[in-house]
Amino acid sequence: MAPNHGPFTKTNHQIPISTRHQPTISTTGVSTGTSTRTRDSNIVSASGTDLSILTQFHAGYFRISLALCSQALLWKTLAEPTTDAHALSGIVRTIPSFAFILLWLIALLTLLLLCSLYMIRCFLRFRNVRAELAHHVGMNYLFAPWISFLLLLQSTPFLRPSSQLYRVLWCAFSVPIIALDVKIYGHWFTQGKKFLSMVANPTSQITVIGNLVGARAAAKMGWRESAVCMFSLGITHYLVLFVTLYQRFLGSDSLPAMLRPVFFLFIAAPSMASLAWDSISSSFDISCKMLFFLSLFLFVSLVTRPALFKRSMRRFSIAWWAYSFPLTVLALAATAYAQDVKGVMPNVLMLVLSVLSVVVTIALMVFTAFKTHDILPHDDPFACYSIVRHIST
Amino acid sequence: MEKNELQVETPSVLKQSSCQNIRGFDCVDCENGNDHSRLGNATSDKESKKESVASSENTKLDGQDIVISIPPMTSLSAFSLSLPSSPSGLHIGQTKLVVQQEKCRNTNQNNPANLNPQVARQKQFRSQPILVAEGTKRKLVRSETMRDSRFDPFKTWLGKLERQISNLRGMPTEEEDLEAGETKRHETEEAPGVDRYFDALEGPELDTLRATEVSVLPEDEKWPFLLRFPVNAFGMCLGVSSQAILWKTLDTSPVMSFLHISPMPNLILWWASLVLMVFVSFLYLLKIVFYFEAVKREYHHPVRANFFFAPWIACLFLSLGVPPSIAANLQPIIWYILMAPLFLFELKIYGQWMSGGQRRLSKVANPSNQLSIIGNFIGALLGANMGLKEGPIFFFAVGLAHYMVLFVTLYQRLPTNATLPKELHPVFFLFVAPPSVACMAWAKIQGDFDHGAKILYFIALFLYMSLAVRVNFFRGFRFSLSWWAYTFPMTGASIATIKYTMAVTNIFTRSLSLCLCAISTLTISTLLVYTIIHAFVLRDLFPNDISIAITKKKPKFSKMLAHFRSSSSDRKDIDSSISKGLEI
């Protein structure tokens with residue numbers, strides 16, 4: 001029997017499986033029908049009923065919502081009057097404002113759709129959700145819906161930051177982030193199997209990004225103390241995580257090749273920190289600049305290493321959506337930089353990065369539209385875990 | 001693989017000497033040699049030949065002169081037989097065997113070869129010492145007319161040109177030589193993986209060959225000068241140019257004006273460092289041109305790779321220390337030109353830390369990595385001096401982030417990290433350099449010596465003190481050229497102290513800066529004396545650079561090598577070294 005546990009092969013100590021096989025496609029564990037499966041057919045069926053497709057959907061799909069919501073925020077920022085009146089903002093201002101509202105609404109609808117699908121999954125496949133919470137890659141994506149909601153909140157054209165509804169919504173979205181923080185960061189240094197050195201992987205930066213997005217939203221609202229609190233949470237754990245990821249202990253090689261696009265999260269974390277500190281200190285001071293430059297350096301460093309991503313680019317998968325969000329956040333930071341430091345170079349940088357992020361997002365949307373089959377969940381990567389747990393216990 | 005391992009152990013030596021000159025190799029045990037040939041003739045099979053060789057080796061193990069004959073498989077002419085000086089009939093027999101061997105290799109058939117008598121005659125004189133066995137004191141008498149091609153694998157295409165020239169000059173047997181060289185070059189095209197460096201080398205600078213390893217180049221001879229010229233030589237430029245900056249600071253700071261330093265020391269030191277830099281760069285450029293393989297191996301060495309930052313840092317030092325009489329303000333374009341290669345190197349090295357499989361930081365981290373970090377801070381300092389705004393902040397940010405990572409890693413002294421020396425070594429002084437130059441860069445970027453700069457300065461001072469009180473533990477290390485690179489941090493700390501004194505002026509800080517300047521000047525002068533002594537009196541300033549001559553694969557006969565490497569013939573030593581070789 002060859003259990004189909006997807007790409008979480010090499011060093012996953014949580015799964016006491018002795019046999020493993022190479023997945024033919026792996027995103028966060030989606031396998032194609034060509035892999036052999038001899039398990040309980042209720043969980044996996046090659047044909048797949050509609051219900052099973054709905055419930056096989058996992059948190060990695062929230063990458064789509066992250067990408068779209070950050071795009072909405074980018075467009076809103078570019079259209080701001082404080083952005084320097086150069087070519088880019090000229091173009092941006094010619095686009096009628098209803099296009100922004102449309103984009104925001106599309107992002108909102110996508111997010112609501114994904115959330116409802118995930119709720120269905122929670123109700124019907126709770127065991128798998130629990131398994132997902134326990135997995136070192138999957139657990140980080142549980143931050144993704146809340147991050148998307150916060151981004152939408154910041155980019156909404158309907159609410160003002162000082163309004164009561166805004167604050168209520170902020171609380172509603174930040175409390176889950178803090179709760180997840182307590183759980184996951186607590187694991188990092190207390191629970192034996194989930195020590196940071198064992199579970200650290202580039203997706204862990206999503207936890208940091210969650211804190212920083214909450215901090216930025218709070219700063220925009222005027223709640224300075226909450227903003228600084230969430231910022232300090234985020235930046236401290238970022239420090240620890242950055243060092244750990246760079247050291248690359250043997251145990252941290254547990255990221256499958258298909259998930260290499262998440263390396264772009266290295267770019268997203270310092271950019272988000274730069275934006276958050278910019279909102280807190282209300283000027284793009286030297287720390288913001290340093291964080292932005294670090295992010296820029298990491299971007300150049302990753303872009304000049306195409307070999308790293310070659311394997312993951314062979315086939316379209318949900319992991320490709322991981323490219324969009326970090327690029328958008330980098331473009332946002334470049335915009336904030338250009339707003340503060342006026343000059344040719346910052347504006348060129350802002351232009352290039354914004355165009356890149358828009359192009360990448362549009363390309364991903366086109367790919368998704370044409371290759372929907374590749375991106376739909378064929379299989380629940382976390383299903384086998386619950387089964388194996390039952391078998392082994 | 002057999003083929004490869006045998007290949008690497010046999011550099012080919014072409015010589016025209018008669019066998020009688022090769023004492024202990026060709027002439028001793030002529031009977032065994034005859035047995036060789038007979039055995040070989042009977043089967044003309046590679047495996048049996050090896051068996052016969054092995055058996056002959058076993059018989060020779062009892063204290064006789066040690067001959068190891070391991071025929072390499074690819075080079076046509078490079079094989080070893082115990083060739084007795086005997087009547088030509090036997091020679092023909094030997095060469096028939098030889099040519100048969102080659103034919104077997106080439107065509108997988110056992111056809112007797114058509115003997116080219118000239119080839120045969122040349123082949124019989126060709127023998128090669130494969131290993132440097134301490135037991136034998138082999139004196140190779142190389143004929144003047146034969147070119148030494150042992151170092152060919154390390155030469156670039158210019159080496160081929162050299163060969164053509166020697167062809168034209170009429171030196172014999174170049175075709176086989178060419179082929180041998182070609183195959184060897186092919187074999188050495190890729191540098192050894194990083195694991196090989198860790199397996200084969202030891203020592204705080206990874207420059208000593210382990211007892212069970214073999215060098216691909218002969219160890220008992222002095223290699224060509226360029227092959228012995230390491231990239232660490234740029235450390236000298238670092239040391240001297242940092243002194244120039246120190247004396248410039250002493251001259252221009254108002255707080256130290258009580259010393260009444262003239263601009264002369266700065267001028268002299270700056271010119272000296274400029275000349276030295278040009279000289280060293282020229283020599284290293286020659287090495288790149290003539291021995292590119294050696295440069296490639298140095299680049300892949302986990303410790304030496306960091307010294308490739310040293311030329312650019314030295315140029316930055318030169319720009320920082322330029323005497324006011326020569327150029328008051330430098331053009332910003334110089335900054336861009338100097339920082340561009342630094343940036344590209346950084347992309348490579350830091351990217352490897354983040355995502356490169358073999359060269360993860362937890363494995364390769366060593367104190368010399370701080371050389372790469374220092375480049376960022378020095379660049380930021382120079383840019384801020386020139387008045388640039390964003391560029392210095394960029395490099396400072398990148399340097400700071402990676403310094404944090406490296407500092408934590410080095411402080412952790414992870415068990416997976418093999419390169420940190422257990423005992424103190426001058427390389428530890430490199431710990432002082434990043435915080436001191438970072439503090440100066442930050443002070444310049446911010447405009448004044450604020451809290452951030454003070455924090456960095458105190459960290460540098462603390463590290464300096466904790467090493468200075470342990471100076472007794474730095475004894476007993478062999479002097480090497482890289483020590484220059486380890487002493488420039490002292491100068492950096494002195495300059496940082498002077499800047500601190502400018503911000504916080506009292507008797508204590510003044511005396512501290514005076515003290516540190518004196519220490520650094522004294523250290524540099526001592527180093528200079530040592531260098532001159534080693535260069536001209538002892539003549540061992542540039543020893544054979546073993547760390548670039550490691551084999552690409554672990555030698556299979558390591559237990560045999562372990563035996564031969566041990567200088568005593570004591571059984572126990574042999575056994576222990578054999579067992580050590582087996583373990584590794």
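The values are calculated or read from the model by the stated rules, or taken from the named source; none is laboratory data. What you see is a predicted model; the values in this text were computed from it and never measured. A quick note on method: Cβ atoms are made from the backbone with ideal geometry, for glycine too, and the neighbour counts reach across all protein chains shown. Side chains included, ligands, DNA and RNA excluded: accessible areas come from the protein's heavy atoms. Shrake-Rupley method; radii C 1.70, N 1.55, O 1.52, S 1.80 Å.
Here are the numbers for this structure:
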| read-out | value |
| --- | --- |
| Cβ-derived FRET efficiency at R0 60 Å, A:ARG160 paired with B:SER511, nearest 0.05 | 0.45 |
| Loop-resident sites, region B:421-496, for trypsin sites (Lys or Arg not before Pro), counting at most 15 other Cβ within 10 Å (DSSP) | B:LYS422, B:ARG470, B:ARG475, B:ARG478 |
| A:ALA79/A:VAL366 FRET efficiency (R0 25 Å; Cβ-Cβ; nearest 0.05) | 0.55 |
| Heavy-atom SASA rank of A:ASP374, B:ASP199 (probe 1.4 Å, accessible area, largest first) | B:ASP199, A:ASP374 |
| Protein heavy-atom accessible area occluded, B/A pair - total, 1.4 Å probe, Å² | 2700 Å² |
| Relative contact order [Cα under 8 Å, 6+ residues apart], region B:218-552, whole percent | 23 percent |
| Average silhouette area of region B:218-552, convex hull of alpha-carbon atoms, in square nanometres | 17.2 nm² |
| Virtual spin-label span in nm between B:MET264 and A:LEU105, 7 Å along Cα→Cβ | 8.5 nm |
| Averaged over B:390-397, number of beta-carbon atoms from partner chains that fall within 10 Å | 5 |
| Where Rh is the Kirkwood radius over Cα pairs, Rg/Rh for region A:251-312 | 1.11 |
| Entries in A:LYS76/A:LYS371; A:LYS310/B:LYS296; A:LYS183/A:LYS220; B:LYS287/B:LYS444 that, when Cα-Cα distance is taken, lie over 32 Å | B:LYS287/B:LYS444 |
| Accessible carbon and sulfur surface of region B:218-552 relative to its total accessible area, %, 1.4 Å | 71 percent |
| Partner chain coverage, peptide A:295-302 - average Cβ within 10 angstrom | 5 |
| Residue-level accessible surface for A:HIS373, protein heavy atoms, 1.4 Å, Å² | 130 Å² |
| Electrostatic dipole magnitude of region B:218-552 [Cβ: Lys, Arg +1; Asp, Glu -1; Cα centre; debye, to 20] | 480 debye |
| Most to least accessible of B:ASP195, B:ASP207, A:ASP181 (protein chains only, probe 1.4 Å) | B:ASP195, B:ASP207, A:ASP181 |
| B:TYR411 - accessible surface, heavy atoms, 1.4 Å probe, Å² rounded to 10 | 130 Å² |
| Gyration tensor (alpha-carbon) shape descriptor, region A:56-386, a/c threshold 1.5 | rounded |
